[in-house]
Amino acid sequence: MVKEIAEKHKEYVVPKTIANYRHRERIKPFHVIPRPLKTETHISDRLWFCDWLKDWTQEDFLHLAPSDEFYVWIVLRPNYRNDRVWAKSIENIEDDERHREMVKNQACIGIFIIFTAKKLHWVLKDKGESWSGQYFRDTILMQHVFPFLKDEENVIDVDDVIFVHDKAPCMRANMTQHLLQDNNINFWGNDTWPGNSPDLNAAEHIGAIIKNEIERASSINLECKYGFRTQICVTSSINSDGIS
């Protein structure tokens, strides 16, 4: 996947660029953000959903096709919702977690991921496009999701596969819901699936793994003299987990 990103966007980040930007903008290399408490509604929704799934068999879960969309920055920018340092104080933050900087015009790659019991599939967002409802329907769903789910090589049962989305605005739109129905794609609607929950949507967990591996490789190689070595380290760390 990293090779595909490099070929498509042709953008690389050198560690020296990060230091120069931080010095020029006079910003600190880390941010301490209090961890928010889950509301009673969040907790009860997830407990209800887990209770509802307790009678499912292994065969039932094999028919799911979880999906998620997320962004990957080669260098993480501060205060992004998924790139925060949760801590009570600065002393609780390890040194390798203190690198949270934004580089001007840095490479930002949007990725849509979907997987079944048989196969993992991802789509790189076209540069300059946003996750609008129109783009999601015309490009992600029509060109990628529908053909993927209707291919018996990719799913356990074409007629019984269930497409699981993560409740992003483009997925909640009525036009998107109707498009899924019109193409005979079963999906979990807004009244059942408690979205934004990595512990329930495994696709969100895969996205977190990819971002963490890129972050870890970038942190380890901050002292590398050349960006080329950093790029190799990122590629190696991701391939070591079998995501290639």
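Between Asp151 and His42, what length in nm is gained on full extension when 0.36 nm per residue of separation is reduced by their alpha carbon distance?
35.7 nm
Would you mind ranking Met171, Met142 so that the residue whose beta carbon has the fewest other beta carbons within 10 Å leads the list?
Working: Met171 24, Met142 13.
Starting with the residue having the fewest Cβ neighbours, the order is Met142, Met171.
Report the local net charge at Ala168: Lys and Arg +1, Asp and Glu -1, summed over other residues whose C-beta lies under 12 Å from its C-beta. Write down the numbers at each step before the final one.
On the way: positive: Lys167, Arg172; negative: Asp68, Glu69, Asp166, Glu204.
With Lys, Arg at +1 and Asp, Glu at -1, the neighbours total -2.
Mind running the shape call on region 126-210? Use the C-alpha gyration tensor, a ≥ b ≥ c as the square roots of the eigenvalues: rounded below 1.5 for a/c, prolate if a/b tops b/c, oblate otherwise. Rounded. Among Ile114, Ile206, Ile156, a tally of other beta-carbon atoms within 10 Å of each Cβ gives an order, fewest to most, of Ile156, Ile206, Ile114.
When Lys and Arg each count +1 and Asp and Glu each count -1, what net charge do the other residues less than 10 Å away from Asn184, Cβ to Cβ, add up to? Don't skip to the answer; put the middle values down first.
Working: positive: Lys150; negative: Asp159, Asp182.
Overall, the nearby charge balance is -1.
Length gained on full extension, Cys108 to Ala202: 31.6 nm, using 0.36 nm per residue less the C-alpha separation. Peptides 62-72, 124-134 ranked from most to least packed, by the mean per-residue count of other Cβ atoms within 10 Å: 62-72, 124-134. Mind listing the long-range amide H neighbours of Phe187? Cut-off is under 5 Å, sequence gap 5 or more, other chains count too, H placed in the peptide plane at 1.01 Å from N. So Phe187 has HN proximity to Phe163.
Every number here is computed from the coordinates shown, using simple stated rules; none is lab data. If you're wondering where the values come from, they're calculated on a predicted model, not measured in any experiment. Positions of Cβ are backbone-derived with ideal geometry, glycine not excepted, and every protein chain shown enters the neighbour counts.
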